[in-house]
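Presented below is the structure to which this report refers.
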Amino acid sequence: MTHQPTIRFGRLCAALAVLLVLPFVAPNYVIHVANFVLIMTLPVIGLGFITGFTGRVSLSQGAIFGVGAYVTALLTTKLGWSPLATFAPAVLGAITVGTALGGPAMRLAGLYFVMATIGIQQIVWIVLLNAVEFTGGPQGVRSIPAVGVGGFEIDSTFSFYFLALAMATASYMLAKRIIASRMGLRLRAISDDELASSAVAIDVTRNKVLALVLCSGWAGAGGFLYAHYVRYIHPDMFTLEPSILLLTMSMFGGYRSLEGMLVATAILESATEYLRPFGEFRMIAYGMLLLLGMMFFPKGVLSLFPRRSPKPAQLVKERTSDA
Amino acid sequence: MLEVKAVSLSFRGVRALAAVDLQVAKGELLGVIGPNGSGKSTLFNVISGIYRPDSGSLIFEGKSLVGVSPAQIVRNGLVRTFQNKRLFVNLTVHENVMVAALKAEPGSALGDVLGLRRSREALESAESRARECLRIVGLTALADVLTKDLPYGAQNRLEIARALVLEPSLLLLDEPAAGLNPSERTEVVHLIRKIHERGITIALVEHDMRIVTGLCSRIAVLDHGEKIADGAAKEVIDDPKVLEAYFGAELSGAQEVNA
C-alpha cells in the first residue's frame, strides 16, 4: 500500500542503538526516569488506537492500566503465580474490564464519550479502593515480586530497563503492523466518516470495539510492567490524573503518529519527574510546558519534521509535461 | 431487481415519503428527479439502510432490506454514492478505494499482522482492483494525493471509483454531477454510460434535466414525497403534472428572482 505507515528499519535500529547504550553511560536516576517513560509508552500507544484512529478522547486509560497492574499484583502475591505467567491474565483482565465498561460507551460521540470514560475511570478506582478483601483497599498491594527470566531476577533499575525496552519495542512494532493492516485502514476511514465507512461495507461497531480491545490490552501490558517495577501499588496511582497525563501524551504526539507519541511520552513523562523540585508548583510548570507545546507544535512534536506528500498541482504539472 | 413498495417515512410528523413505489429492473439506467425536498435523497437513504421506513417493503434480489445494516446491504451488492461527497479526507485517493476494495477479499487483519501469504495476496488483489477503478474514472495520476487536497471536480469521480470497486449489481448515484462545470458534467455523463455498459444497473438522482434525459430511458418523478410520474423519459417530461411540479416551480422561482 503506497501510503501505509511502515516501519523505517534504519531509523528504528539507530534509535535502538542509542537506547541500548544509554543505561551504560547515564546515571541511575536517568535510567529510573527512562524506565517510567518506557512503561508509559504502552498505555499511550494503546490510547492511540482510540484517539488517533476512531477520533475519540478517552479518560479511562489510567484505570485500565491499573487493572493490568492489579491483576498481576494479586496473582503473584496472593496466589503465588510466577510473574511471567501473569502477563496474559493481566492483558486479558484489562481487555475484559476495558471492553465491558467501554464497549457501550463507544456508541457515544464527542463530549459524551469523554464523560462516559471519566465515569469508567471513577468506577474502577472506587472498586480498587473499596473491595478491601479482594484488592487490599487503600493499603494497596505490597511486595510484588520482580520478574524472573530463567533464574535471573530483574530487580534492579538497570536490568529492568532492558525488559521495559524490549516490551516497548515489541509493542511499538506490533502496533505499527496493526496500523498498516486492513484494520488500521478501516479505523482511519471510520475516524473520517462513519456513515461513509458503512457505505463501503465496513462493520463500524465491530471495528470500534476491536480498537477498544487493543487500547485496553496495551494498557494491561503497561500495568503489568509498572507493577513489577514499582513493586507496590495502591488505588491512588490510578486516578483521573494519570488518565489525563496519558491522554495528553498521546495527543501531544500528533495526529496518528506513533513515533510522535513516543517522543511526547519521553518529554512529558520525564518532565513530570524532573519537575519534582518545583514541589507543589510542579503541575503549573507542567501546564506551562503543555501550553507552549500546543502553541508552537499544534500538530504534535514531530511536526518539526514535515513529511513530504505530493500536492495535486505538482502532479498535474508533471502529467502535462509528460504529454 | 429492486422493488420498493408503499414505503412511507416521516420525521417527527413531517412527511418525507408517502407510499412510494419504485421498481428497478436488471440492466436499467433509471433516473429519479424532483424539486428540492421532494424526497429523492431520503428514498436513497431508506434503500441503503440509513433510515428505516415507517411502513412498506423493500425487496432487493428476493431479500428484504428493512432492518438490514447499511454495511450488509453493500455486501449484498447494492452500493450508493453520496450527494454531499462523503470521502475519507485524511486518506489518500488510492486508500479511499483500497479500503472499499478489501470488502471482497479473503483473509483478516490478523493475517495481515502476521504477514500470511493468503493475506498478502488479498492485499495485492485489492490493490490492483483499486488501481483499475481509479483508471476507469481517470484518477490514476492523483492516486497518492491526500483526498482533502483533491480538486472538487475529481471528488465525484473518486466517489464513483470507490463505489465501483465494491462490485455493485445495483448502483445508486446521488447527484453525481452536482457542483460540476459543463466540461466536468460531460465527463461524468460519459463515465456513467461507461459503467452502465459494463453491465451495472444504475439508479440516478439528478437535478440537471439534460443529464437525466440524455442518460436514462426511464424516469420516475417525486414531489412532496410522492411519486407523481414514472415511465419512458419522453412521456414523463411532457406530463403536465411533472411540468407543474418541477419546471413550473422552477419557472415561478425564476420569475421571483427577476422581479
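FYI, it's all coordinate maths here, none of it is from the lab. These figures come from a predicted structure and were not determined experimentally. Ideal geometry is used to build each Cβ from the backbone, glycine not excepted, and the neighbour counts take in all protein chains shown.
Once you have a ≥ b ≥ c as the square roots of the Cα gyration tensor eigenvalues for segment A:9-322, tell me rounded if a/c is under 1.5, and otherwise prolate or oblate according to whether a/b is larger than b/c. Please report the intermediate quantities before stating the final value.
Details: a/c = 1.69, a/b = 1.34, b/c = 1.26.
Here segment A:9-322 falls in the prolate category.
Please give, to one decimal in nm, the separation of the simple spin-label points placed at residue B:116 and residue A:159, each 7 Å out from Cα toward the Cβ.
Here the answer is 3.9 nm between the modelled labels.
Within 10 Å of each Cβ in peptide B:81-87, how many partner chain Cβ atoms are there on average? Round it to a whole number, please. Before the final figure, lay out each step's value.
Working: counts 2, 4, 0, 0, 1, 8, 4.
What the average comes to for B:81-87 is 3.
Convert each backbone phi in segment A:153-167 into a coupling constant with the Karplus relation 6.51 cos²θ - 1.76 cosθ + 1.60 (shift: θ = phi - 60°), then list the ³J(HN,Hα) values in order as whole Hz, x for Gly and Pro.
8, 8, 10, 9, 4, 4, 6, 5, 3, 6, 5, 5, 5, 4, 5
Can you tell me which lysines have their Cα less than 29 Å from the Cα of residue A:208? Leave out same-chain residues fewer than eight positions away.
A:176, A:299, B:63, B:85, B:103, B:148
Calculate the length of the line joining the C-alpha centroid of segment B:46-81 to that of segment A:196-261, in whole Å.
36
Nearest-5 percent of antiparallel DSSP beta bridges in the protein assembly as shown? Mind showing how you got there, number by number?
Working: 25 of 41 bridges.
Once the DSSP bridges in the protein assembly as shown are tallied, antiparallel ones form about 60 percent.
Collect residues whose amide H, placed 1.01 Å from N in the peptide plane, falls under 5 Å from the amide H of residue B:229; neighbours closer than 5 in sequence don't count.
The list, which skips near neighbours in sequence, is B:221.
Can you give me the long-range amide H partners of residue A:148? Hydrogens built in the peptide plane at 1.01 Å from N, cutoff under 5 Å, separation of 5 or more residues or another chain.
A:84, A:154
With a cap of 15 neighbouring Cβ atoms within 10 Å, and only residues DSSP puts in a loop, list the GluC sites (Glu not before Pro) found in segment B:1-101.
Numbers: sites: B:3, B:28, B:61, B:95; in loops: B:28, B:61.
Filter output for segment B:1-101: B:61.
In whole angstrom, and with the biggest value first, how far do the Cα coordinates of segment B:89-149 range along each principal axis?
Sorted largest first, the three principal extents are 33, 23, 15 Å.
Tell me which of A:92, B:156, A:105 sits at the most positive position along the dipole axis of the protein assembly as shown, charges placed on C-beta atoms (Lys, Arg +1; Asp, Glu -1).
Projecting each Cα onto the dipole axis, the largest value belongs to A:92.
Would you please give the FRET efficiency between residue B:12 and residue B:132, computed as 1/(1 + (r/R0)^6) with r the Cβ-Cβ distance and R0 = 35 Å, to the nearest 0.05? Please report the intermediate quantities before stating the final value.
Numbers: r = 45 Å, r/R0 = 1.28.
Plugging the Cβ-Cβ distance into 1/(1 + (r/R0)^6) gives 0.20.
Calculate for chain B the 222 nm mean residue ellipticity that helices alone would give, adding -39,500 (n - 2.57) per DSSP H run of length 4 or more and normalising by residue count, nearest 500 deg cm²/dmol. Please list the in-between numbers first.
Working: 10 runs with 102 residues, N = 259.
Taking each H run of at least 4 residues, the total per residue is -11500 deg cm²/dmol.
In deg cm²/dmol, rounded to 500, what helix-only [θ] at 222 nm does chain A give when every DSSP H run of at least 4 residues adds -39500 (n - 2.57) and the total is split over its residues?
Calculated from helices alone, the mean residue ellipticity at 222 nm is -23500 deg cm²/dmol.
Nearest 20 debye, what's the magnitude of the dipole of segment A:145-199 about its Cα centre given +1 on Lys and Arg Cβ and -1 on Asp and Glu Cβ?
Details: 5 positive and 5 negative charges, 60 e Å.
Computed charge dipole of segment A:145-199: roughly 280 debye.
For segment B:89-149, what relative contact order do you get, as a whole percent, if you take Cα pairs closer than 8 Å and at least 6 residues apart?
Numbers: 55 pairs, mean separation 33.3, N = 61.
Answer for segment B:89-149 is 55 percent.
Would you mind working out the magnitude of the charge dipole of chain A relative to its Cα centre, with +1 at each Lys and Arg C-beta and -1 at each Asp and Glu C-beta, to the nearest 20 Debye? Write down the numbers at each step before the final one.
Values: 23 positive and 15 negative charges, 189 e Å.
Its charge dipole is roughly 900 debye.
Modelled label-to-label distance, residue A:240 and residue B:241, 7 Å Cα→beta-carbon offset: nm?
Inter-label distance under the simple model: 6.2 nm.
Farthest toward the dipole's positive end in the protein assembly as shown, which of B:171, A:39, A:145, given Cβ charges of +1 (Lys, Arg) and -1 (Asp, Glu) about the Cα centre?
About the Cα centre, the residue reaching furthest to the positive side is A:145.
With a cut-off of 8 Å between alpha carbons and a minimum separation of six or more residues, what is the relative contact order of chain B in percent?
26
Nearest 20 debye, what's the magnitude of the dipole of segment B:119-174 about its Cα centre given +1 on Lys and Arg Cβ and -1 on Asp and Glu Cβ? Mind dumping the intermediate values first?
Values: 7 positive and 9 negative charges, 18 e Å.
For segment B:119-174, the charge dipole is close to 80 debye.
Given contacts defined as C-alpha pairs under 8 Å and at least six residues apart, what's the relative contact order of segment A:9-322, whole-number percent? Don't skip to the end; give the middle numbers.
Working: 459 pairs, mean separation 99.5, N = 314.
Relative contact order of segment A:9-322: 32 percent.
Using a cut-off of 20 Å between alpha-carbon atoms, which aspartates and glutamates can reach residue B:241, once sequence neighbours fewer than 8 places away in the same chain are excluded?
Once the sequence-local aspartates and glutamates are set aside, what remains near residue B:241 is B:21, B:206, B:208, B:223, B:226, B:230, B:250.
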